[in-house]
Every structure is written in structure tokens, then in C-alpha cells.
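Let me begin by presenting the structure, written as C-alpha cells, before commenting on it.
The values are calculated or read from the model by the stated rules, or taken from the named source; none is laboratory data. Values in this document were obtained by computation on a predicted structure and should not be read as measured data. Counting neighbours? That spans all protein chains shown, and the Cβs are built from the backbone with ideal geometry, glycine included. These area figures cover heavy atoms from the full protein model, side chains too; ligands, DNA and RNA do not enter into them. Shrake-Rupley method; radii C 1.70, N 1.55, O 1.52, S 1.80 Å.
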Amino acid sequence: MWKTKMRRLAGVSLLLIPALLLSACGGGQSGQSELLLYEGTGEEDGAVSSSAVSGSAIGADDVKFDTTVVRKTTYKEEVSCTAELEYTDTETLIIDDEDAVLDAVKVKKYQKVKKGDVLAVYHVETSKTKLEKQKLLIDQARADYEVGLSGLYQQLSHAQKALGSLTSKTEKKVKSLEIKKMQKQISAYKKGEKEIIDQEKDYAELLRKQKKTLLKAKKDGVILETEGKASVGEEIDASTEIIKMRGTNGKWLLMVGGSDTENLRYNMEVTVRLGKSAKQYDHEIKGKVITSGNLTGQQTENEEGDSIVYIDVSKEDKKKYDFDNTNIYIYAVSFLVKDALVVDVEAIQQETVDIRNRSFVYVVENGKLHKRFVVTNYRNEKEVLIEQGVFEGQTLAILE
């Protein structure tokens, strides 16, 4: 008889069996009377009614469990995260020279600057051999150009002299066409000098940069970052970020990054809180998610590859509140069901029958535990929303 009863426990988690053999404790259900665990045969696929599942009873003296109650409430999934400002008119200043060494950074974070203000100082350390080689190549290009141009002019001069000695109209016409062709060749050849002139200018600029060179602001603005990817006194690669600044028009959005973006949907209304913490805040204003990653399936990402979502607030609130100098928190409800039946996560049990996972609970009634299959829906870290199988006010067991 006992073996038969044990076989019927095949659908119950093995971790629960030892618990059925221990003494009762907790939840006001530590009874002196015998507790009976009712469980099904595994064949009641639709057993989701409020009545107990029929089956053989197993005596379980002193079962240890706590209790919780089925509650009717508003179930909601909340989003709570931090945000930071991201200005839309930012500019990253770089030193676009090879062999450059950063000498000094002349500005601080959040400092206001004017167009032409010195932001950083650097110099270029080009080896003497490299300079001499570059100068030799430029001089050679200049000499080759001058020789070629001189040859073309000589050919033109000879053709013009020949034209003067001709008497036949036909011969003169042919020679005149040749001269025009030569003149076009000379004009085309001269266009090649621009490349040499640019090389000569670059070389002169390189010589100048061997001394102190100033990195200046190209417009009025505010410094956002001064700790780029370069350190003072060290050689840096070309196009290395030095300073990041923004303009003075104040255009910005709120940016949320990482896993917090998963439940923030396009056009969702959110609450923006400004203050010490998410719960201790001084101001609360309305905001809206304006990115469309949830619609297109293509999430916006930052430099680290994390998904990011942008939130905007009204122009009036941007002017009214000091977003630059306060902590910014985002709160939103991503999902809500009114009059939902919810239970503690710990009250939900799982079993696998014929490769199907089924959820069930233990209802406490008259000193007995009744196994009830339930249909669950949404869940968060603490609660599970139940669609069918229990009703409000029922007491459920949480087996230890």
C-alpha cells in the first residue's frame, strides 16, 4: 500500500518529499491534528477548478510549512532606473596629428568657453630622419614638376616659331590646332601643382607643430568631458579624443541605458523625478519615451554596445528645473491588471508530466493540504498573477 502511494508522488518535486516527513511549523498552521496531502493522478489536464483534486491521501504527520493568502489587487510591473543628460549638439575635439604629445588641458568640466579660447596645448615630436625624408620627397616632386613644365613650354615655343615661318594657309591651320592642343596640355599639367603646394604647406605646418600648438574652441559652449583617451605628457595616436563640449543652445534628451531599457516602450509616458533618490525627490514631472526600437526591432546602442532609450520632457520643464546639477530618476508602470488574483512566488510549485510543465499550489483547508493545478500568467520577483485555479482569500501553503 505504501509503495503505491509513493509512486503517485512521481509528479511532485523530490525536494518536497522530505518536507512532508518533518514536523509542522509556521503560519498559524502548526496543528496538533494529522495533516493530509491530497494529490492527483497526473491525468487531470484541465484540473483548474476551485475544488480539490481527487486522489489518494497520504498521511503526513507534522508537515512544516508557512502560509500566504490569495489576494485581489492591482498587479503591476514597474520600471525604476536612473537617467543622464545627453546633449544633441556635442562636439568631440581631437588632435589629428601623428607623433603628438599632449602638454596640458586648460579647461575644467562644466566650464563655459568662448570661440577661440585655448582648450589644450600639445606639440608634435617628429624624428629628424622622418622630417628630412619628407622634405626630400617634396623637393623631388617640385623639381620634377618644374622640369616637366619647362619642357612643355619649350615645345610650345618651337611650335609658335614654326607657325610664323609657314606661308600655306592649310599648314598654318594645322599648326594652330597643334598649338591650342599644347596650351591645353600645359593648363592641365599646371593643375598638378596644387598637390605639391599642399604637401609644402603640410610640411611647413609640421615644422611649426614641433613647438607648442594650441587646440582652440571652434564655438561658444560648455565643457562636458576633459578626461579623454589621452594623458598629459604621453604620446597619443591621431584622432584621439581630448575634450568633449556642447553648444550653448541647451538641446538635450534623457538617456537610459542597459537592461533598464527592456520595459521602456516607444511613446510610453513616464515619471521623471529630480532629487536625492528615487523615493526622496524634490520635483516630479512628466516625460515620454521617444525612441522607436520597440517598433523597428533595431535598438539604439552606445559606444559600449549597451541598448539605450531616449526620454524627452517639455521645453517649459527644461527651463524651469536644473537638470544639470541634480540626480535624475525614471519611474514607469510597464504593465497593469486591475482586480488581479496574486500570490507569493514561493507558493507556486512546478511539475513535469509528458514533457509539459504544470503549475500547482497547496490549498490549506481544515488541517489538510489540497493540491490544486493553476493557470499562471505574469510574474515579477515577488508575485505571480493567477488566471484560474484559486479564489480570493484562500490560504496557500509554502512548504519549507
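Look at K72 and say whether it is part of a strand (DSSP E or B), open to solvent by 60 Å² or more (accessible area, probe 1.4 Å) and closer than 30 Å to I311 by Cβ. So K72 fails the test. Checking K286, K244, K279 one by one, the residue that is open to solvent by 20 Å² or more (accessible area, probe 1.4 Å), modelled with pLDDT of 95 or more and of a type outside the set (D, E) is K286 and no other.
Residues considered: E304, E365. Of these, the only one that is open to solvent by 20 Å² or more (accessible area, probe 1.4 Å), more than 22 Å from C81 (Cβ to Cβ) and at pLDDT below 95 is E365.
Residues in the range 119-177 that are outside any helix (DSSP H, G or I), polar (S, T, N, Q) and surrounded by 11 or more Cβ atoms within 10 Å (Cβ to Cβ): T126 only. Flag: A143 does not match the condition of being in contact (Cβ under 8 Å) with a residue 12 or more places away in the chain, of a type outside the set (D, E, K, R), over 26 Å from E235 (Cβ atoms) and out of contact with any strand residue (DSSP E or B) (no Cβ under 6 Å at 6 or more places or on another chain). Screening the candidates T226, T213, T170 for the property of being under 60 Å from the mean Cα position of the chain (by Cα), over 27 Å from T129 (Cβ atoms) and of a type in the set (S, T, Y) yields one hit, T226. At least 2 residues being more than 30 Å from L224 (Cα to Cα) and either in contact (Cβ under 8 Å) with a residue 12 or more places away in the chain or more than 34 Å from the chain's Cα centre (by Cα) (or both) is the threshold, and among the strands (runs of 3 or more DSSP E) wholly inside the range 307-400 those reaching it are 327-344, 349-353, 356-365, 368-379, 383-388, 395-399. Run down T352, T395 and say which single residue is open to solvent by less than 60 Å² (accessible area, probe 1.4 Å) and polar (S, T, N, Q). Only one candidate passes the filter, namely T395. Any idea how many residues of the range 269-285 are of a type outside the set (K, R) and part of a loop (DSSP other than H, G, I, E, B)? Of the residues in the range 269-285, 3 are of a type outside the set (K, R) and part of a loop (DSSP other than H, G, I, E, B).
Identify the residue in the range 260-276 that is more than 16 Å from F323 (Cβ to Cβ) and either touching a Pro at 6+ places or on another chain (Cβ under 7 Å) or surrounded by 14 or more Cβ atoms within 10 Å (Cβ to Cβ) (or both) and, among all such residues, is modelled with the lowest pLDDT. Per the stated criteria, the residue is D260.
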